[in-house]
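Here is the structure we will look at.
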Amino acid sequence: MKKTRLGLALVLVASMAGFVATTLAQETPPATPPAGQGRRGGGGGAAPTNISGAMGDMNRALRTLKTEAADPTKSEAALRDIGLLQRDVAIAKSQLPPAVNDLSGDEKTKQANEYRSQMISLMRVLLDLEDAVVAQKADDIKNLLAKIDDAQKKGHADFRK
Ligand code: HEM
């Protein structure tokens, strides 16, 4: 009988220790994420879920990209930002903006095709830019960054309410 009680007490202590260890492990804050992997999802964080969120991310990534792209010592950071832009264009491309969603019939189909087509062109420019950064082709990098600005201006003139 005494042995049974001792056994029960041991089991109880062991399970309490397990519970405390699990709770502590859950409350331990995560290590500081590496540079570029913060809230906006760089390098594996949460991706945006709508066009507005994707565009906000694109804006931030493009701003830093412009300071990195032509600098050979910052190629890795530039490639990471280009990857983020590609991811966000893919997200924006998979949805329709309100300016298109509010239409109907043939006009909606036409504008949806035009929206997708502009997004696909932007993706192509980003892939070319990725090539240019890898190959460190300064003139190409400059021209492709200018093309991104043009794509943004046209996209906003056509589709941003
Ligand atoms: C790298 C290029 C681009 C950048 C940096 C950019 C940036 C932005 C920003 C900062 C916003 C405001 C987001 C917010 O706070 O709500 C926005 C909205 C928007 N952009 Fe872009 N944009 C780009 C290219 C494009 C292109 C090519 C298109 C269309 C083909 C486009 C269509 C839109 C639309 C429709 C909105 C409004 C979204 C909504 O209100 O739901 N953008 N963009």
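Could you state the principal axis extents of the C-alpha atoms in region 51-159, from the largest down, to the nearest angstrom?
Principal-axis extents of the Cα atoms in region 51-159, largest first: 50, 23, 18 Å.
Net charge within 14 Å of SER117 by Cβ-Cβ distance, Lys/Arg positive one each and Asp/Glu negative one each, not counting SER117 itself?
Once positives and negatives cancel, what remains is +3.
Please give the contour-minus-distance gain from ASN59 to THR73: 0.36 nm per residue of separation, less the Cα-Cα distance, rounded to one decimal in nm.
Full-extension gain reported as 2.8 nm.
Highest first, please rank the peptides 137-147, 59-69 by the mean number of other Cβ atoms sitting within 10 Å of their residues. Let's see the in-between values first.
Values: 137-147: 15.3, 59-69: 17.2.
Packing proxy ranking, top to bottom: 59-69, 137-147.
Bear in mind these aren't lab numbers, they're just calculated from the coordinates by the rules spelled out. Fair warning: this is a prediction, and the values are worked out from it, not measured in the lab. Glycine also receives a Cβ, built like all others from the backbone with ideal geometry; neighbour counts cover every protein chain displayed.
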